[in-house]
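J.: This structure is in structure tokens; I'll ask about it shortly.
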Amino acid sequence: MATGTVEDSSPNEVQSGSVASSIPFKTNSIRQGIHEKERHLVHSIRSVPQKFAHPFLVTDRADEKQLCISSRGLELNDFKLLKTLGTGQEHYATSRALVALLPLKNQEDKTKVYALKVLRKADVIKLKQVEHVRNERKTLVAVNGHPFITNLAASFSDDLSLYMLLDFCPGGEIFTYLRRSRRFNEETSRFYAAEITMTIEFLHDIHGVAYRDLKPENILLDADGHIKLVDFGFAKQVGNRETYTLCGTPEYLAPEVIHNSGHGLAVDWWALGILIYEFLVGQPPFWDQNPMRIYEQIVEGRLRFPPNMPPAAQNIVSLLCKTNPTERLGYISGGSGRVKAHPFFAEVVWDDLFYHRVKGPIIPRVSHPADPSNFEEYPDSDVRNQNVYTDDLKKKYEPLFSDF
């Protein structure tokens with residue numbers, strides 16, 4: 001399915017002259033109430049300590065007050081490696097790894113495990129991803145506590161690497177379940193599309209953040225079958241601006257990204273349309289073994305629907321995958337509220353999903369909190385021929401890693 005992730009650093013940004021209207025779509029009072037509940041929950045999460053506060057409670061750094069573990073004094077030896085969850089194949093850092101870890105010090109709950117994202121400093125510098133790494137940590141701190149986004153518990157660093165300690169999500173990637181079942185039925189597709197919609201709404205409306213890498217591999221399931229969005233390496237706070245960085249995964253790139261004409265928040269709504277199609281059909285609408293042919297199909301924007309695809313699904317995909325972002329559902333006047341009001345989501349009770357009052361249509365097999373069986377086996381990273389973090393690099397770049 002996914003052919004890999006592309007990224008071309010180009011830091012230039014301009015103020016957009018064509019932005020989505022800030023006037024909310026006039027939906028019914030129930031939907032407005034749900035939106036207000038979401039905003040209220042967001043503000044409550046961001047303003048009070050988490051109930052599961054860790055003994056390492058943060059008191060010094062203002063940007064860490066939302067984290068449940070302080071970075072102060074943390075080091076790799078505080079954890080015990082249980083299993084490597086992913087390594088070496090992601091978009092920016094050839095030795096990046098996600099590993100399940102069991103904290104051994106100062107933790108009352110001995111069943112609590114985390115996923116640790118490891119980024120070698122020398123690799124980050126060589127691949128020119130310093131700003132992406134900084135953006136990722138900054139974004140994760142800002143959005144901490146949302147029910148559909150993986151929580152950042154802490155971040156820290158040592159002489160060689162940067163670390164982001166994340167809550168472990170035992171269900172594994174939704175990609176695995178989609179590949180196993182070949183396609184989802186309409187009910188399952190709608191459920192997960194709705195949770196993704198609320199996540200995009202939160203990122204865009206509350207933080208002005210474009211996620212920019214929406215795909216099944218970046219969506220995990222928790223033990224109750226709800227989503228957790230992970231990997232914010234391409235996330236960027238853009239607001240009403242445009243950015244010109246070519247980044248993402250070929251099948252999910254919006255036309256404006258390929259044209260390098262400047263892109264913003266609208267790219268996530270395009271990707272949602274691609275995902276809904278993929279959930280129902282089993283593969284993205286624009287697919288070819290040759291990435292260049294994928295780009296050509298995306299720019300052409302000719303969607304072909306199988307005859308058994310529900311009409312409401314065809315319609316919402318068509319509206320989300322408008323090649324002109326100013327005509328795209330989610331970005332046009334009404335924003336995310338208009339997406340949620342679409343007939344495809346007519347049966348969705350939004351607050352039931354948001355507050356996890358119902359379980360998901362896919363319930364992962366999880367035998368215990370540290371069960372890693374829903375993740376594939378990965379070999380340990382090859383430490384040979386790795387980039388070296390020299391004294392000159394350290395002198396130049398270490399101040400830029402001071403956030404960790």
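The values are calculated or read from the model by the stated rules, or taken from the named source; none is laboratory data. These figures come from a predicted structure and were not determined experimentally. Positions of Cβ are backbone-derived with ideal geometry, glycine not excepted, and every protein chain shown enters the neighbour counts.
J.: From the list ALA153, ALA223, ALA122, exactly one residue is modelled with pLDDT under 95, in contact with a Cys (Cβ under 7 Å, 6 or more places away or on another chain) and small (Gly, Ala, Ser). Which is it?
T.: ALA153
J.: Please find, among LEU246, LEU152, the residue that is among the aliphatic types (A, V, I, L, M) and not assigned by TED's automatic domain parsing to the domain that holds GLU75.
T.: Result: LEU246 is the single residue among LEU246, LEU152 that is among the aliphatic types (A, V, I, L, M) and not assigned by TED's automatic domain parsing to the domain that holds GLU75.
J.: Oh, and also: Kindly evaluate VAL339 against the criterion of being in the same structural domain as LEU280 (by TED's automatic domain parsing), touching a residue at least 24 places away in the same chain (Cβ under 8 Å) and outside any loop (DSSP other than H, G, I, E, B).
T.: Here the answer is yes, as VAL339 does meet what is asked.
J.: Only one of these is assigned by TED's automatic domain parsing to the domain that holds HIS204 and at pLDDT below 95: PRO311, PRO284, PRO307. Name it.
T.: That would be PRO307, the only listed residue that is assigned by TED's automatic domain parsing to the domain that holds HIS204 and at pLDDT below 95.
J.: Additional query: Filter the stretch 147-192 down to residues that are closer than 26 Å to LYS83 by Cβ and either without any contact (Cβ under 8 Å) to a residue 24 or more places away in the chain or not in a helix (DSSP H, G or I) (or both), then give me how many there are.
T.: Number satisfying all stated conditions: 29.
J.: When both residues are 6+ apart or on different chains and their Cβ atoms are under 6 Å apart, which pairs have a first residue that lies in the stretch 288-309 and is without any contact (Cβ under 8 Å) to a residue 24 or more places away in the chain and surrounded by 15 or more Cβ atoms within 10 Å (Cβ to Cβ), and a second that is outside any helix (DSSP H, G or I) and not acidic (Asp, Glu)?
T.: Pairs that qualify, where the first residue is without any contact (Cβ under 8 Å) to a residue 24 or more places away in the chain and surrounded by 15 or more Cβ atoms within 10 Å (Cβ to Cβ) and the partner is outside any helix (DSSP H, G or I) and not acidic (Asp, Glu), are GLN297/PHE286.
J.: To continue, here is another question. Does the stretch 240-263 hold any residues that are part of a loop (DSSP other than H, G, I, E, B) and either β-branched (Val, Ile, Thr) or under 21 Å from VAL130 (Cα atoms) (or both), and which are they?
T.: Result: TYR244, THR245, THR249.
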